[in-house]
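The values are calculated or read from the model by the stated rules, or taken from the named source; none is laboratory data. As the structure is a computational prediction, the values presented were derived from the model and not from experiment. Note: ideal-geometry Cβ built from the backbone for every residue, glycine included; neighbour counts use all protein chains shown.
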Amino acid sequence: MFIQVALPVPLPRLFSYLPIEGAALPVKGARVLVPFGQGQQVGVVVATSAECDVPAAKLKPLLTVLDQQSLLSPALWQLANTAARYYFSPLGMVLPQLLPVKLRKGESASPMPQKYWQFSDRGQDCDPNDFKRAVQQARIVAQLQRTPLLADSDISLLELSRPALKALTDKGLIEAIEQQPQLTQSWPQQWESTDHIPTLNKEQAVAVSAINNAEGFNCFLLDGVTGSGKTEVYLTVMDKLLRQGQSILVLVPEIGLTPQTISRFRARFPLAMEVLHSGVNDNQRLASWQHARAGGAAIVLGTRSALFTDMPKLGMIIIDEEHDASFKQQEGFRYHGRDLAVMRAQLQSIPIVLGSATPSLETLANVKRGRYRHLKLSQRAGKGRPVKQLLQDIRTCHLDAGMSPAMIERLKHHLHAGNQVMLFLNRRGFAPALLCHECGHLHECNNCDAFYTIHQGANMVQCHHCGSMRGIPRQCPDCGSTQLFTRGVGTEQLEQALARLFPDYKAVRIDRDSTSRKGSLDAKLEQIRSGEVQILVGTQMLAKGHHFPDVTFVGLLDVDSALFSADFRAAERLAQLYIQVAGRAGRASKAGEVMLQTHQPEHPLLHQLMASGYAGFAEDALTERGLAQLPPFWQLALLRAEATYPEQAKGFIQQAKGLLPEGELQMIGPMPSPLERKAGKYRFQALLLAPTRPALQRSIEPWLEQITKLESGRKCRWQLERDPQDLL
Ligand code: ADP
Ligand code: ZN
Ligand code: ZN
């Protein structure tokens, strides 16, 4: 017998091994440790066969069989295979994504003891009221009264204080124990929610009943403006299924998984919930995976990769902010979480709900084709009024750190009224370029076709493409002049300008630089929520998912670049961003304003967006995409190659083009990537377009097999990505 094993290497085939002598054959879906090259790899058994095209003498035996049973349910096994085929990816690159990191590394799949907190004998009679001044200790005591065994992994999720845990331990009132997690297989069917449940409005009720009445696979687009009560719809449909003993998978963007989101779900459903995001450590991930797989997790709430969680009683998938770019994995196995979730729902014959205030054009096209059902929430639920939109022409206008006088005037108005304001600029750092005033030299990164960004706080210049850094140059390398000026504005400069213009108000900046330390983002968000700061400056990070009820003014500073980008999705992203940030203004009882500054006040996209909102914009944008033969109408894949010399990368793509089958598949390229040189490598790419999915699939499969054998492919790093989201 021969064992066919999928290994996590980028080669499009399985690898054959001999069984271990005298041992039972491993089952399909079990992990095995195998010799590979000079080392060892953990792989997954795909099949056992009586024949093999490699002579048995050349094969090596397995080293260890790590699992007695399959680690993948039939549904997930099928999903992995479908995904591998769809994304033209080796099965061996897909399968590890379905397993927690610890299992990919070969650790045992059986549950490990976990740390828990409980009352000690002395602490049994504790009462939260005894801790009047020690609020954090009181919260822990109250939590232990509700859940007598508190998992240590829940401490940060519940925002409980570690110092308070220590204080209670020191007093001998609580203790930590280690024990085997109890893998329960169900949850109570009756419970009391601790949050306030509003009466649904008409549109919400219509959406809920459409989703509740769905049988088998159905994909719904819940298209609701920000604050229209989409989450309330999710919670209501979840309630019904949870009471029937079915579990739910909820996927949210990386940045949307805030403590508020988690506590909203917890308050509504005091049931076993596994939370999975990038901050969860490998031990917790493994424990969550085990719990969910045993059938004990009522809810799995997580980011992209949580989509692969095995849940035997899965009854529905919900994806919030389905348009969000973070659902796309940008390295290794480059899948789109939303699209794979739809595939999973289809394979498992369950409903899936995609929610957004700004649906992706892909999803809207599916609605138009009649594949998805469109549910609309057109009104803000509860309090909150529509915002006033201002389009500010900044041609010939004097700008102060990128702000027009009109913008500064509105800021003043809203600040004086005692409200918070938010300024949005999608460029971090102090300035995006350093210019020599005497000779015009712009300081470029040595390894990339890109200018250095100046970071004044850090006293460095940095290349945002390869990360290389050095001290801020004092002299021009070309002419020796010391007259060096910054060009353009980044968030750091904007923050300084605001401090100068509005010395009586406090500003906070939220971008990747200012929040790199653990906990600093939360601290800043708390400053905003408590009203300690009045001016919010930030990049994308600030735009998403946070609810700031006192913000009444939002300004967008530099949006023109998106209108002229080489990336055909840039306009869609700008429209989504605009609607999302506009949705941040005036959520509570106060009227809001949003101002957009542009040099292109006549641009049709901006007009359409202002006049008829996102829906009108999307309608036009879809027509344009159709005419240009682009996604979502045409199917797109991107072939990328990078090499030390430009001819190597370009040559490979040229040769690949020569092998292209006659007919349905078109190639545009090779052309230099928008950033031609990055980290010292030259990059070329080509677009592959076909009119339909089957056409793309059947033309690429045989072609890919051929180009994999090309000698020129060994001189460069190349990859083929389906449904690319970034053309950079
Ligand atoms: P979304 O997810 O669309 O942004 P949410 O579900 O978070 O909207 O709702 C926004 C706010 O409106 C929340 O504070 C929520 O409690 C409230 N809300 C939702 N539905 C209703 C309703 N039917 N009546 C009153 N308030 C509601
Ligand atoms: Zn110079
Ligand atoms: Zn660089």
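Observations on the structure shown:
- Region 435-464, subset touching a Lys or Arg at 6+ places or on another chain (Cβ under 9 Å) and within 15 Å of ligand 2 (Cβ to nearest atom), residue nearest to Asp513 (Cα to Cα): Tyr452
- Among the residues of region 415-451, those that are in a strand (DSSP E or B) and either within 16 Å of ligand 1 (Cβ to nearest atom) or more than 26 Å from the chain's Cα centre (by Cα) (or both) comprise Gln420, Val421, Ala431, Ala433, Leu434, Leu435, Cys436, Leu442, Glu444, Phe451.
Every residue, every condition in (1) part of a loop (DSSP other than H, G, I, E, B); (2) of a type in the set (Gly, Ala, Ser); (3) surrounded by fewer than 21 Cβ atoms within 10 Å (Cβ to Cβ), yes or no:
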position: Leu391; (1), (2), (3): no, no, yes
position: Arg395; (1), (2), (3): yes, no, yes
position: Leu411; (1), (2), (3): no, no, no
position: Arg470; (1), (2), (3): no, no, yes
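- The criterion of being more than 30 Å from Val353 (Cβ to Cβ) and either in a helix (DSSP H, G or I) or in contact with a Ser or Thr (Cβ under 9 Å, 6 or more places away or on another chain) (or both) holds for Glu175.
- Top-ranked residue of region 53-85 - restricted to ones that are polar (S, T, N, Q) and outside any loop (DSSP other than H, G, I, E, B), ranked as farthest from Gln697 (Cα to Cα): Thr64
- A Cβ distance below 6 Å, combined with a sequence gap of six or more or placement on separate chains, defines the contacts here; from region 458-484, residues that are outside the structural domain of Leu675 (by TED's automatic domain parsing) and more than 16 Å from ligand 1 (Cβ to nearest atom) reach residues that are acidic (Asp, Glu) and in a loop (DSSP other than H, G, I, E, B) in the pairs Cys479/Glu438; Ser481/Glu438; Gln483/Glu438.
- Qualifying residue in region 361-381 (condition: among the hydrophobic types (A, V, I, L, M, F, W, C) and closer than 26 Å to Gly92 by Cβ): no
- The residues of region 494-505 that are in a helix (DSSP H, G or I) and surrounded by fewer than 22 Cβ atoms within 10 Å (Cβ to Cβ), listed by number, are Gln496, Ala497, Ala499, Arg500, Leu501.
- Scanning region 691-728 for residues that are touching a residue at least 60 places away in the same chain (Cβ under 8 Å) and in a helix (DSSP H, G or I) turns up Ala695, Leu696, Gln697, Ile700, Glu701, Leu704, Glu705, Thr708, Ser712, Gly713, Lys715.
- His464 vs. criteria within 16 Å of ligand 3 (Cβ to nearest atom) and either in contact with a His (Cβ under 6 Å, 6 or more places away or on another chain) or over 30 Å from Gly531 (Cβ atoms) (or both): yes
- Annotation: Asn426 fulfils all but one of (1) within 16 Å of ligand 3 (Cβ to nearest atom); (2) closer than 23 Å to Ser516 by Cα; (3) not basic (Lys, Arg); the unmet one is (1).
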